[in-house]
Amino acid sequence: MNIQNRAPVIANGRAYPWPKVPAIAICLDGCEPAYLEVAIAEGLMPNLKRMRATGTDRLAHSVIPSFTNPNNLSIATGRPPSVHGICGNYLYDPETGEEVMMNDVRFLRAPTVFSRFYEAGARVAVVTAKDKLRALLGAGLRFDEDRAIAFSSEKSDTTTKADHGIDNASAWLGMPVPEVYSAELSEFVFAAGVKLLKEWAPDVMYLSTTDYVQHKYAPDQQGAKDFYEMFDRYLGALDALGAAIVVTADHGMKPKHNADGTPAVIYVQDLMDDWLGKDAARVILPITDPYVVHHGALGSFATAYLPEGADKAGIMARLAALPELILVVDRAEAVKRFELPADRIGDIVMISGETMTIGTSEHRHNLAALKEPLRSHGGLTEQEVPFIVNRVVDLPNAPVLRNFDAFFYATTAAAL
């Protein structure tokens with residue numbers, strides 16, 4: 001039952017208008033703006049072209065690091081990592097010496113917009129491609145009142161009413177569980193979104209994809225064109241059902257390879273070992289996750305923990321002199337500039353250039369699974385993302401407009 005004309009929902013200090021029609025945010029993982037430009041120019045995205053012409057078309061900034069987990073949780077909470085605490089896919093705990101995945105709900109420090117709408121009586125749906133995000137995005141939802149659904153394409157055949165709000169989502173949708181490294185993993189998300197909108201009528205819905213295609217294909221390659229043509233069909237169906245829709249991305253994507261196709265990498269742990277002694281410093285790559293086939297754990301953002309008594313200023317100066325790195329800052333500056341949680345980053349933060357990635361030690365990266373020239377993200381050059389609304393709303397542009405404003409403007413458009 002949709003409940004209209006209610007008071008705004010407050011989430012993390014922001015007031016979200018109660019939607020009169022379903023409010024949908026779509027996160028196209030890795031959607032460098034060039035993908036849309038190429039596909040539209042070739043006539044492959046008539047629905048998005050129409051939305052840009054008759055709605056609102058802007059560019060926004062993602063959070064830094066421009067990785068999947070920090071940005072999805074920023075979109076889900078409407079706030080930067082300094083508020084919600086998720087500042088990477090991967091975390092080092094200096095107290096325990098452990099490196100762990102940051103995909104457990106215990107790492108989340110703020111409620112999601114979804115949980116706040118649920119508490120206010122709304123129907124909420126969350127569909128994500130990979131299961132690594134599902135628990136975080138579904139935090140605070142309960143599935144015993146038929147008002148919440150949250151599942152992933154990856155594990156869609158194991159969903160239950162008690163834990164996900166739906167039994168066997170794969171059978172429900174009539175689609176097999178897709179291969180995790182495939183465009184179909186994202187198509188499953190779109191197809192589920194359309195079916196949920198038709199049959200279940202959520203007040204708020206989030207659809208989040210995987211960037212397998214974007215890691216694999218440049219904007220002008222056929223695999224990318226096929227993906228965006230496919231997405232446009234589902235987007236048209238969602239639009240035709242009357243929803244207010246925001247299309248944005250968690251980060252962009254850039255080529256990170258040499259002329260011969262080999263990955264372009266600077267191995268900073270090896271440098272630190274030479275300067276300070278083996279394993280005296282600890283370099284952490286927050287892009288690290290279980291799905292390394294398409295990026296080899298190589299991105300453009302890294303943080304380093306230094307041993308006690310190390311010459312931090314001297315090490316920073318040596319790093320800053322390297323042409324591969326475009327920014328080297330200490331923890332205090334990184335916290336201030338990128339709105340990061342101070343207790344979850346190292347003493348130094350490094351960002352590499354548009355065509356360069358940062359690795360730990362060369363022997364620790366198994367790049368055998370990389371079948372195409374490396375494309376990756378994480379830095380400042382992948383911060384610009386699309387922000388398109390299928391209705392006319394008053395929007396700023398980047399850098400004021402952030403991808404995590406998606407639900408504020410989706411609900412604003414849905415309340416018109």
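Details
- Test result for residue 162, more than 22 Å from residue 114 (Cα to Cα) and of a type outside the set (Ser, Thr, Tyr): no
- Screening residue 156 on (1) buried (at least 19 other Cβ atoms within 10 Å of the Cβ); (2) under 19 Å from the mean Cα position of the chain (by Cα) shows it passes everything except condition (2).
- Helices (runs of 4 or more DSSP H) enclosed by the range 26-85 - at least 3 residues per element that are open to solvent by less than 10 Å² (accessible area, probe 1.4 Å) and within 26 Å of residue 237 (Cα to Cα): 33-41, 68-77
- Remark: residue 32 falls outside the filter, which requires a residue to be over 16 Å from the mean Cα position of the chain (by Cα) and acidic (Asp, Glu).
- Subset of the range 359-416 [open to solvent by 20 Å² or more (accessible area, probe 1.4 Å), part of a helix (DSSP H, G or I), within 13 Å of residue 245 (Cα to Cα) and among the hydrophobic types (A, V, I, L, M, F, W, C)]: 408
- Of all residues making up the range 116-147, the number that are assigned to a helix (DSSP H, G or I), open to solvent by less than 50 Å² (accessible area, probe 1.4 Å) and touching a residue at least 40 places away in the same chain (Cβ under 8 Å): 3
- Scanning the range 248-278 for residues that are among the acidic types (Asp, Glu) and either outside any loop (DSSP other than H, G, I, E, B) or at pLDDT below 95 (or both), we see that the one that is least open to solvent (accessible area, probe 1.4 Å) is 273.
- Residue pairs whose Cβ atoms lie under 7 Å apart, sitting 6 or more positions apart in sequence or on different chains, and linking a residue in the range 389-405 that is under 20 Å from residue 62 (Cβ atoms) and of a type in the set (Val, Ile, Thr) to a partner that is assigned to a loop (DSSP other than H, G, I, E, B) and open to solvent by 10 Å² or more (accessible area, probe 1.4 Å), are 389/55.
- Residue 333, sole failed condition from (1) in contact (Cβ under 8 Å) with a residue 40 or more places away in the chain; (2) surrounded by fewer than 23 Cβ atoms within 10 Å (Cβ to Cβ); (3) closer than 28 Å to residue 84 by Cβ: (1)
- Taking the range 183-216 as the range and being among the small types (Gly, Ala, Ser), closer than 13 Å to residue 130 by Cα and open to solvent by 10 Å² or more (accessible area, probe 1.4 Å) as the test, only 183 passes.
- Residue in the range 146-165 that is in contact with a strand residue (DSSP E or B) (Cβ under 8 Å, 6 or more places away or on another chain) and charged (D, E, K, R) present: yes
- Within the range 162-208, tally of residues that are closer than 30 Å to residue 8 by Cβ, among the β-branched types (Val, Ile, Thr) and within 22 Å of the chain's Cα centre (by Cα): 3
- Single unsatisfied condition, residue 245 versus (1) part of a loop (DSSP other than H, G, I, E, B); (2) open to solvent by less than 20 Å² (accessible area, probe 1.4 Å); (3) closer than 22 Å to residue 21 by Cα: (1)
The values are calculated or read from the model by the stated rules, or taken from the named source; none is laboratory data. All values derive from a computational prediction rather than experimental measurement. Reconstructed Cβ throughout: ideal geometry from the backbone, glycine too, with neighbour counts over all protein chains shown. Quick note on the areas: whole protein, heavy atoms, side chains included, nothing else; ligands and nucleic acids left out. Shrake-Rupley method; radii C 1.70, N 1.55, O 1.52, S 1.80 Å.
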